[in-house]
Structures are given as C-alpha cells and as structure tokens.
1. From 100, 119, which residue is hydroxyl-bearing (Ser, Thr, Tyr), more than 18 Å from the chain's Cα centre (by Cα) and in a strand (DSSP E or B)?
2. Of all residues in the range 40-62, which are surrounded by fewer than 18 Cβ atoms within 10 Å (Cβ to Cβ) and charged (D, E, K, R)?
3. Of the residues 170, 166, 160, 156, which is free of Cβ contacts under 8 Å to residues at least 12 places away in the same chain and part of a helix (DSSP H, G or I)?
4. In this structure, does residue 129 turn out to be within 14 Å of residue 90 (Cβ to Cβ), touching a strand residue (DSSP E or B) at 6+ places or on another chain (Cβ under 9 Å) and touching a residue at least 12 places away in the same chain (Cβ under 8 Å)?
5. Please find, within the range 152-171, the residue that is modelled with the highest pLDDT out of those that are acidic (Asp, Glu), touching a strand residue (DSSP E or B) at 6+ places or on another chain (Cβ under 8 Å) and over 14 Å from residue 124 (Cβ atoms).
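The values are calculated or read from the model by the stated rules, or taken from the named source; none is laboratory data. Bear in mind the structure is a predicted one, so any value in this text is a computation, not a measurement. For neighbour counting, all protein chains shown are included, and Cβ atoms are generated from backbone atoms with ideal geometry for every residue, glycine included.
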Amino acid sequence: MIGPVRRLLARLNGTAALPDDFAGALDPDEQVLAAGRGRSEPLVATHLGLWIGQRRVGWHLLSKATWDGRALTLVEAAESGTAGGAVLLRDHPPQQIPLTEPGRLPEVVQQRVTDSVRTRHHRGLPSGGAWFVQRRVPGQDGVVLQVRPDEGTDEAELAAYAEKVAREIARRTGGGR
C-alpha cells in the first residue's frame with residue numbers, strides 16, 4: 001500500500017515517484033526529480049544529488065555525466081584536501097551504469113551536473129595544470145572553488161597557487177568562499 005500512496009503524493013507535489021525498492025534514506029525535505037533503473041537497483045536524482053544504491057553523491061562531486069542511449073557514465077570526484085578557501089579534488093575512474101529503464105534520469109543528471117558549474121577555467125602550471133571550477137553545492141548558499149589537477153601536476157605547487165586564487169576570489173567577492 002505504501003507504493004501507491006508514495007506515487008500519489010509525488011504526483012500531487014509535482015515530483016517524481018520514489019521506486020518501491022529504493023534503499024536509501026532521503027532527507028525529510030529532499031525532492032525526487034527523476035528515477036531510473038540499473039540492472040540491480042534504482043538510481044534516484046533529487047535536488048541534492050544522485051542516489052546510487054544507498055549512497056547519495058552531491059551534484060558538486062560529479063565531474064562529468066554522459067548518456068549513450070544505454071548506459072550512464074559518471075566521473076565522481078572525492079575531496080582530497082583544501083588550500084585556503086579552495087577544495088582540492090581527485091577524480092575516480094569513470095563508472096558506467098547500464099540503465100534498463102532510464103526514464104528522465106539521464107537528462108536530469110546531465111542538467112544538474114551542468115547547472116552546478118558557475119565558472120570553469122584551465123590553468124597551466126610549470127608541473128602540469130588544473131581545472132579551477134566554481135560550483136554551487138546543493139543545500140548551501142554561494143559557490144565553492146574546486147581545483148582538479150591534471151595527471152602528474154605537483155600537488156604542493158598546485159595547493160600554493162590554488163590558495164592564492166581562492167584569496168583573490170574572496171577579496172573580489174567580499175570574503176565568501
């Protein structure tokens with residue numbers, strides 16, 4: 001009986017229905033935007049991030065999302081440290097998730113990942129380079145500066161430069177992160 005009630009409430013609220021076999025634990029105010037089905041479990045997009053099984057990945061930690069008509073390929077990032085007001089990231093290898101019932105999920109995921117980016121710029125450094133990306137973090141005001149190094153870039157050099165960039169952004173915007 002819970003499934004039909006959930007679907008009715010979702011329709012009345014203008015949100016997508018949460019699959020009956022969803023195993024995650026949504027926040028009380030978390031809104032479901034779309035759901036799709038992988039081979040073994042549902043994937044659920046909310047305003048806060050993408051649920052892959054029982055784990056939610058915030059939109060600001062999805063570096064890339066592509067859809068080829070049968071599988072969603074995601075590049076998830078992990079925070080590896082900070083440099084002043086900047087967050088240093090490391091990308092995980094791409095994860096390909098075949099979808100047996102995609103629904104609107106691929107479209108919503110791509111849009112949310114894209115919409116989280118405010119600015120992006122690649123900067124070359126003597127030891128390599130890095131992407132400097134300002135992104136919105138779901139559920140928070142403002143933006144965060146994320147720095148994603150190219151392979152082989154010296155981390156100490158990058159951290160020092162990222163700290164300077166973060167300071168300059170804070171100075172120009174009145175002290176925000």
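1. Every option except 100 fails the conditions.
2. Matches in the range 40-62: 41, 55.
3. Testing whether each residue is free of Cβ contacts under 8 Å to residues at least 12 places away in the same chain and part of a helix (DSSP H, G or I) leaves just 156.
4. no
5. Result: 163.
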